[in-house]
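Student: Take this structure, written in structure tokens, and hold onto it; I'll ask about it next.
Please treat every number below as a calculation from the coordinates, not as lab data. Please read all numbers here as calculations on a predicted model, not as lab measurements. Glycine also receives a Cβ, built like all others from the backbone with ideal geometry; neighbour counts cover every protein chain displayed.
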Amino acid sequence: MIRVALAVAVGGATGCVLRFLAASWVVAHWPRHYYLATLTVNMLGCLLIGLLSGLFLLRTDLPLELRTGLTVGLLGGLTTFSSFSLELLNMLEHGRIAEAAGYLLCSVVGGLLAAWLGLTLARLCQ
């Protein structure tokens, strides 16, 4: 159990640093569109969790530490639903209703489509 927890911790730390770097880069280049980093990492995380989950169903021989470290750790640290929620509320509070609606729609529908695509890609690898 301790090895799985360590794998999650290492993966989570890595995901958090990647999310921080993505957010820093976006804010430096497009400060008004700060939320694009969150949207991007959430879409990528949804795609990857679908892909990895599908692959891990095929490869149950892979160590639990690897599977859990990547999905719960790395992708859990990388994706940012709490940040998404706060950013969405910020847009709404500043009267940016259309932008907030687009962000909400892209995040939810895009995330579902990305997870489906990842799972589909994994199934094609069978």
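Student: Using 0.36 nm times the number of residues separating I97 and F81, minus their current alpha carbon distance, what extension gain do you get?
Tutor: Working: separation 16, 0.36 × 16 = 5.76 nm, distance 1.92 nm.
Computed gain between I97 and F81 is 3.8 nm.
Student: At 222 nm, what helix-only mean residue ellipticity would the chain give, in deg cm²/dmol to the nearest 500, using -39500 (n - 2.57) for each DSSP H run of four or more? Let's see the in-between values first.
Tutor: Numbers: 5 runs with 98 residues, N = 126.
For the chain, the value works out to -26500 deg cm²/dmol.
Student: Roughly what would the spin-label model give for H29 and R123, points 7 Å off Cα along C-beta, in nm?
Tutor: So the two model labels end up 3.5 nm from each other.
Student: Now for a different question. Quick one: Kirkwood hydrodynamic radius for region 2-124, alpha-carbon pairs, angstrom, one decimal?
Tutor: On the way: mean 1/r = 0.0658 Å⁻¹.
This gives a value of 15.2 Å.
Student: Right, next: What is the helix-to-structure angle for 2-29, meaning the angle in degrees between its Cα long axis and the longest Cα principal axis of the chain, kept from 0 to 90 and rounded to the nearest 10?
Tutor: 30 degrees
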